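The values are calculated or read from the model by the stated rules, or taken from the named source; none is laboratory data. Worth saying up front: this structure is predicted, and the values here are computed from it rather than measured. Heads up, the Cβs are rebuilt from the backbone with ideal geometry, glycines too, and the neighbour counts pull from every protein chain shown. For accessibility, only protein heavy atoms count, side chains too; no ligands or nucleic acids. Shrake-Rupley method; radii C 1.70, N 1.55, O 1.52, S 1.80 Å.
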Amino acid sequence: MDTKYTLIGSPCSLYTGKLRSYLRYKAIPFDETLSTQSCYKSVIIPRTGVRYIPVLVTPEDEVWQDTTVIIDKLESRFPNNPVATPDAVTNFLAELLHCYGDEWLVIPAMHYRWSIEENRRFAYGEFGFTAVPDATSEEQLQVGMQLAERFAGALPVLGVTPQTIPAIEQSYLELLSDLNACLTQSDFIFGNTPTLADFGLYGPLYAHLGRDPYSKRLMDEKAPAVSAWIQRMTFSSPLDTTVTALTDSGLITPIIARMADEMGDVIIQTLKQVADFAATGHAEPVPRTVGSLSFSIGDISGQRKTFPFLQWKWQRVQACYGQLAGQDKATVDTLLAPLGLLPAIQAKVEAPLVRRDNQLWFA
């Protein structure tokens, strides 16, 4: 039996980048293979039932999908260099930023990739190479353009429109500044070793915003400490250090404040709309979207689809919050209350979601 794992994904996939970084950090033996068209037909779709990458094939020939689930499973198998810390407050804040990176930074990541001509042309070639690596460059470009249509067409679904783009760009530049300040003071978000926060943020900040050519130049110019952090997150060798929590430094407060301003009401609306959808008695599994909702970035408002997956990820944040007690809970409440995020943290989930067979179902 092969003792290595196999990572199936794409160089330009944000979630593939996240998982690759994690595997390297944990020193888990793995090979990587491209998610080619033939791989989709022979492995990804028949073995997972969905079309999402990355997937991880285990030495036992299990096929795992979704980076959050994969990391959970691998943490139990490989306890060395854990991404959790002994500090409950740090763990909660890391889960919070993990959700932010995975579920919200996809907005600027997708905007800069598909709205900027230079990035879009680069992505065409990347998509084509991944799908048909043995084809000519001209053939890869044509295939890449065809495959990219679905992704570029998702911008309005995420709320990226001509009206919201100026606010999205302004928010992203301010986030870069906040992250740059944090990462100037420490190697990783919470100190000298990475947590879930680093891996959640790394996905979009590396694969889209730190790798596509226009976005990379922008990051290098505006946030050199973030660019340096991306290089550290490649993990040519694992770290053997103890986390030094920086939760009292105020460095992450502006980042969480931005998350609260932009995501807080979206989360509350999502919980309600998922509950409303559950009450209609529709057949399961739960679809990828269940309606539309309003959101605001800065002074600009827009509309986007409602994603039940955000609720599933938020349930994890709430579960982590529910484990806090005593001074730990008081510390978190004191931090989050002025930022306006407690209503979303404490919102009741009327229709809990579970993940089964790589899809969402009502519990």
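Quick notes on this one:
- Tally of residues being at pLDDT 95 or above, β-branched (Val, Ile, Thr) and open to solvent by 60 Å² or more (accessible area, probe 1.4 Å) across segment 256-283: 1
- Any hit, segment 341-348, residues being under 27 Å from residue 65 (Cα atoms) and β-branched (Val, Ile, Thr): yes
- Of the candidates 19, 23, the single residue that is in contact with a Ser or Thr (Cβ under 7 Å, 6 or more places away or on another chain) and farther than 16 Å from residue 358 by Cα is 19.
- Highlighted here are the helices (runs of 4 or more DSSP H) found entirely within segment 1-110 that include at least 1 residues which are closer than 30 Å to residue 124 by Cβ, among the basic types (Lys, Arg) and touching a residue at least 12 places away in the same chain (Cβ under 8 Å): 14-26, 45-48.
- Those residues of segment 266-318 which are charged (D, E, K, R), free of Cβ contacts under 8 Å to residues at least 60 places away in the same chain and out of contact with any helix residue (DSSP H, G or I) (no Cβ under 8 Å at 6 or more places or on another chain), in sequence order: 276
- For the condition in contact (Cβ under 8 Å) with a residue 60 or more places away in the chain and hydrophobic (A, V, I, L, M, F, W, C), residue 151 does not qualify.
- In segment 107-135, the residue that is nearest to the chain's Cα centre (by Cα) out of those that are surrounded by fewer than 18 Cβ atoms within 10 Å (Cβ to Cβ) and of a type in the set (A, V, I, L, M, F, W, C) is 116.
- Test for residue 138: is it buried (at least 17 other Cβ atoms within 10 Å of the Cβ) and either closer than 21 Å to residue 205 by Cα or without any contact (Cβ under 8 Å) to a residue 40 or more places away in the chain (or both): no
- When residues of segment 70-90 are limited to those that are of a type in the set (S, T, N, Q) and at pLDDT below 95, the one nearest to the chain's Cα centre (by Cα): 90
- Search result, residues across segment 12-26 that are out of contact with any Leu (no Cβ under 8 Å at 6 or more places or on another chain) and open to solvent by less than 60 Å² (accessible area, probe 1.4 Å): 12, 13, 14, 17, 18, 21
- Residue identified as hydrophobic (A, V, I, L, M, F, W, C), within 26 Å of residue 253 (Cα to Cα) and open to solvent by 10 Å² or more (accessible area, probe 1.4 Å) among 88, 94: 88
- Selection count where residues are polar (S, T, N, Q), open to solvent by 20 Å² or more (accessible area, probe 1.4 Å) and either over 25 Å from residue 355 (Cα atoms) or under 21 Å from the mean Cα position of the chain (by Cα) (or both), scope segment 37-51: 2
- Some residue of segment 284-294 being at pLDDT below 95, more than 30 Å from residue 86 (Cα to Cα) and among the acidic types (Asp, Glu): yes
- Residue within segment 17-26 that is out of contact with any Gly (no Cβ under 9 Å at 6 or more places or on another chain) and more than 30 Å from residue 148 (Cα to Cα) present: yes
- Any hit, segment 215-227, residues being modelled with pLDDT of 90 or more, assigned to a loop (DSSP other than H, G, I, E, B) and open to solvent by 40 Å² or more (accessible area, probe 1.4 Å): no
- For segment 121-143, the set of residues classified as acidic (Asp, Glu) and more than 19 Å from residue 13 (Cβ to Cβ) consists of 134, 138, 139, listed by residue number.
- Selection count, segment 52-65, where residues are out of contact with any strand residue (DSSP E or B) (no Cβ under 7 Å at 6 or more places or on another chain) and open to solvent by less than 20 Å² (accessible area, probe 1.4 Å): 0
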